[in-house]
Amino acid sequence: LLTITGVGLITAVTIWAYLGDPSRFRTAKQVTRYAGLDASVHQSGEKDHRGRISRNGCKLLRTALVEAALAVARHDQGPLGAFFHRKQRQIGHHKAVVALARKLLIVGWRMLLTGQPYRAARPLLVQRKQRRLLEVARAVVDWDAVSAELWPEDVQRTPRRRRVA
């Protein structure tokens, strides 16, 4: 997922964590519905209206995808950037960002499903992301030592008093 322009470590982890096993979704429509990026449908009789996104899925996943879509819109010169600029002319900026977030989700799902990297990946950008990932992995913090330093042992063991009303 890090090979996609605009998708950083946090977004990649969020997509991976919320989608889990990608084979549990049979179609892209199921994935977008899970994230709440599908169009809401209002039907009555012969009337059929498709409105805004349903927002029935995970808000954190949607937020991460929209933030990644904004980054792609600003920086990507590849197919995803071209998709955004085409949609922006057709439907406006905000709706184009949501459409790009949906497309990012589908691309990420397909990549997780097939195990293939993003086709239009920029090698230098991917190397920079991999270096950053290694830096984060090496910076493991011993949280027990930090908590012992912040809260001495005598403070940790004293029980808190309850207020009696």
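Data overview
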{"quantity": "Cβ pairs under 6 Å, 6+ apart, first in the stretch 114-125 and open to solvent by less than 100 Å² (accessible area, probe 1.4 Å), second not in a loop (DSSP other than H, G, I, E, B)", "calculated": "A120/P79"}
{"quantity": "Selection from the stretch 144-163 of residues that are part of a helix (DSSP H, G or I), of a type outside the set (G, A, S) and modelled with pLDDT of 75 or more", "calculated": "D144, V146, E149, L150"}
{"quantity": "Which numbered condition R74 fails, given (1) within 16 Å of the chain's Cα centre (by Cα); (2) open to solvent by 80 Å² or more (accessible area, probe 1.4 Å)", "calculated": "(1)"}
{"quantity": "Residue pairs meeting the criteria (Cβ under 9 Å; at least 6 apart or on separate chains; first among the β-branched types (V, I, T), in the stretch 50-72; second assigned to a strand (DSSP E or B))", "calculated": "I53/A39; I53/S40"}
{"quantity": "Out of A82, A121, sole residue that is more than 17 Å from the chain's Cα centre (by Cα), modelled with pLDDT under 85 and not basic (K, R)", "calculated": "A121"}
{"quantity": "Residue within the stretch 30-41 that is among the aromatic types (F, W, Y) and not in a helix (DSSP H, G or I) present", "calculated": "no"}
{"quantity": "Among (1) surrounded by 16 or more Cβ atoms within 10 Å (Cβ to Cβ); (2) at pLDDT below 90; (3) not aliphatic (A, V, I, L, M), the one test that R132 misses", "calculated": "(1)"}
{"quantity": "Residue that is nearest to the chain's Cα centre (by Cα), among those in the stretch 23-37 that are within 16 Å of K103 (Cβ to Cβ) and in contact (Cβ under 8 Å) with a residue 40 or more places away in the chain", "calculated": "A35"}
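Per-residue answers, yes or no, for (1) surrounded by 15 or more Cβ atoms within 10 Å (Cβ to Cβ); (2) more than 14 Å from V107 (Cβ to Cβ):
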site	(1), (2)
W16	no, no
L19	yes, no
Q30	no, yes
D38	yes, yes
L60	no, yes
L65	yes, no
G81	yes, no
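The values are calculated or read from the model by the stated rules, or taken from the named source; none is laboratory data. All values reported here derive from a predicted model rather than from experimental measurement. A quick note on method: Cβ atoms are made from the backbone with ideal geometry, for glycine too, and the neighbour counts reach across all protein chains shown. For the accessible areas, the whole protein counts, side chains as well, though only heavy atoms, and no ligand, DNA or RNA atoms are used. Shrake-Rupley method; radii C 1.70, N 1.55, O 1.52, S 1.80 Å.
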